Ligand code: PAF
């Protein structure tokens, strides 16, 4: 597995690839959800490239960025075992030579759901994904459905800017108790980890969004939103402490 630390390394590697290239962008702290994207890419493309970059422009909260788990050595061994051809590990100066003077802004859906309480989050996501797609030039790029709003916004961006890449959405991977896998789960206390599967269970019940939000509150979750849109119910809750909250998101088919 090649480690590509500069744009020059990435371009040199990309130039040697004759078949199709699948791309899995990540922020590291890899779990089985990420690996499912890698396996999908391995199936659908000749070569898989993964990027690991904790993108600061998509964090609207400095604490969240500081607490984002860093497990690089473990991540690299998981990717090597999964048969990844190359891992791109950029840094801020490479990704933002303009120091984030330029940004990619979606004006509608990005302000709803997760965007409502995290202003600027999707601008950071779309900006970095556009940069990564331009650099990696993949035939297909793989994203998880846990971040359903992100996936939809990336599909919209690719269409709006005529980017020649197929965006592939992959199903949510869950722990045995139903909790959607997420890098942030590593930050849950033992007690919160035990309670956390109730989020998914309650989100999947029938009833109005308001009744689901009430049920989540009664179960002790700090509810950010519960909303049904286009046949899916989306939710975000906070666990942990006020100083160090752990944010969980999930979505299920609406009943
Ligand atoms: O889903 C993520 O991990 C990130 O939002 C992404 C797509 C890698 C962009 O930083």
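The values are calculated or read from the model by the stated rules, or taken from the named source; none is laboratory data. Everything quoted here is computed from the prediction, not taken from an experiment. Every residue, glycine as well, gets a Cβ built from its backbone with ideal geometry; the counts of neighbours run over all protein chains shown.
Structure above, values below:
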{"quantity": "When residues of region 103-113 are limited to those that are surrounded by fewer than 21 Cβ atoms within 10 Å (Cβ to Cβ) and more than 14 Å from residue 158 (Cβ to Cβ), the one nearest to the ligand (Cβ to nearest atom)", "calculated": "103"}
{"quantity": "Residue satisfying condition, being touching a helix residue (DSSP H, G or I) at 6+ places or on another chain (Cβ under 8 Å) and over 15 Å from residue 133 (Cα atoms), within set 10, 4", "calculated": "4"}
{"quantity": "Selected residue (only one of 54, 50 is within 19 Å of residue 181 (Cβ to Cβ), within 13 Å of the ligand (Cβ to nearest atom) and part of a loop (DSSP other than H, G, I, E, B))", "calculated": "54"}
{"quantity": "Pair list, Cβ < 6 Å and 6+ apart or interchain, from region 51-62 residues that are farther than 19 Å from residue 133 by Cβ to residues that are part of a helix (DSSP H, G or I) and within 10 Å of the ligand (Cβ to nearest atom)", "calculated": "60/121"}
{"quantity": "Residue in region 73-102 that is nearest to the ligand (Cβ to nearest atom), counting only those that are part of a loop (DSSP other than H, G, I, E, B) and surrounded by 14 or more Cβ atoms within 10 Å (Cβ to Cβ)", "calculated": "90"}
{"quantity": "Residue in region 121-129 that is free of Cβ contacts under 8 Å to residues at least 40 places away in the same chain and crowded, with 21+ Cβ neighbours inside 10 Å present", "calculated": "yes"}
{"quantity": "Index of the failed condition, residue 153 passing every other in (1) touching a helix residue (DSSP H, G or I) at 6+ places or on another chain (Cβ under 7 Å); (2) surrounded by fewer than 18 Cβ atoms within 10 Å (Cβ to Cβ); (3) in contact (Cβ under 8 Å) with a residue 24 or more places away in the chain", "calculated": "(2)"}
{"quantity": "Residue 20 more than 16 Å from the ligand (Cβ to nearest atom) and in contact (Cβ under 8 Å) with a residue 40 or more places away in the chain", "calculated": "yes"}
{"quantity": "Options 12, 40, 62: the member that is modelled with pLDDT of 95 or more and exposed (fewer than 15 other Cβ atoms within 10 Å of the Cβ)", "calculated": "12"}
